[in-house]
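Each remark here refers to the structure printed beneath this line.
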Amino acid sequence: MPASMRVGFIGLGVMGRYMAENLRRAGHEVTVYNRTPARTEPFRQAGARVAATPAEAARDQDAVITIVTADAAVEEVSFGQAGTLAGANPGTLLIDMSTIAPGTSRKVAAAARERGLRFLDAPVTGGDIGARDGTLTIMVGGAAEDFDAAMPLFQAMGRRIVHVGETGLGETLKLAGNLISGLTLMVAAEGIRLALREGVPQEKIEEVLPQSSAASFELTKLLDRLRGDQWEPGFSVANRLKDLRLAVEMAAADGIGLPIAPHALQLLQAHSDEGDAPRDESSYLRALLG
């Protein structure tokens, strides 16, 4: 792979738009596609090529990056006559950076190999701020030589870049991490509620708990959101619910017991059903406080 690559980029949401911008800043030639066309307009105005279909975005590229909302969206942009698999030339490196089930990654990877294409699953963590600043952590599954080839792209978007192992293991590690962070947030919310309801002033919670053994990124996030009464995403309840469900389903399929996670999934589903799906996941605390 050349240091400067031709890249098709599919998915210009909260994360993807910054990641595509960082690739352009790093000198890569980026062609963009988004299922909501209006999101491509800033890139058109900046001189990037805008594709009408995923297949067009994938044609004549060194690599194609996808980062979309869920498994169904990955399959939608990958398969069919308008999909990336149909449009990409043999030898093209496909990199899916969505958070999806490892089985879906393996399905797309197998179809890619049948067409002479290469595939990496490379989900990210670090949120919209990490995407904007180019400091994402990237967990990669797939062949080592493909990981090495993709490194100039990863370095434009992230800071900690780890080859986890074979196809699907990047997604597996991402789901394990999101399970930990999701359950941590929900437990931290209950702890904050307990302290407040028992009469501890909020400023004392903020002074002590982030400096105690209870400290976590999720605790700090909750306290920041509570202080500012700010519950818009960020990382939405819907996205957290999707990731917890994927983790629970993966564990169940492989016979791995997760005693706490299924109950947490039910609680978060109930919160989502109350109309908070579009809000930031920290709104779970808002609901607990009433």
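Coordinate-derived values only; no laboratory data. If you're wondering where the values come from, they're calculated on a predicted model, not measured in any experiment. FYI the Cβ positions are ideal-geometry reconstructions off the backbone, even for glycines, and counts take in every protein chain you see.
In the chain, the DSSP beta bridges split such that about 15 percent are antiparallel, to the nearest 5. Modelled this way, with points 7 Å down the Cα-to-C-beta line, the labels at residue 135 and residue 50 are 3.2 nm from one another.
The length gained on full extension between residue 197 and residue 270, counted as 0.36 nm times the residue separation minus their Cα-Cα distance, comes to 24.1 nm. When the chain is modelled as a GNM with alpha-carbon springs shorter than 10 Å, which of 57, 144, 88 fluctuates the most? Largest GNM mean-square fluctuation: 144. Computed from label points 7 Å out along Cα-Cβ, the spacing between residue 160 and residue 60 is 4.0 nm. Taking every alpha-carbon pair within region 172-289, the share separated by more than 24 Å comes to 27 percent.
Based on alpha-carbon centroids, what's the gap between region 28-69 and region 201-273 in Å, whole number please? Between the Cα centre of region 28-69 and that of region 201-273, the gap is 33 Å. What's log10 of I(q)/I(0) for the chain at q = 0.10, 0.13, 0.16 Å⁻¹, Debye sum over Cα points only, no solvent? Evaluating at q = 0.10, 0.13, 0.16 Å⁻¹ gives log10 I(q)/I(0) of -0.56, -0.89, -1.22.
What's log10 of I(q)/I(0) for region 1-131 at q = 0.13, 0.14, 0.22 Å⁻¹, Debye sum over Cα points only, no solvent? So the normalised log intensities are -0.46, -0.53, -1.41. With each run of n ≥ 4 DSSP H residues scored as -39500 (n - 2.57), what mean residue ellipticity at 222 nm is computed for the chain after dividing by its residue count and rounding to the nearest 500 deg cm²/dmol? It comes out at -15500 deg cm²/dmol, rounded to the nearest 500. Taking the chain as a Gaussian network, Cα atoms linked when under 10 Å apart, which of 54, 278, 102 shows the biggest mean-square fluctuation? Greatest mean-square fluctuation among the candidates belongs to 278.
Here the calculated FRET efficiency for residue 82 and residue 148, from their Cβ-Cβ distance with R0 = 25 Å, stands at 0.25, rounded to the nearest 0.05.
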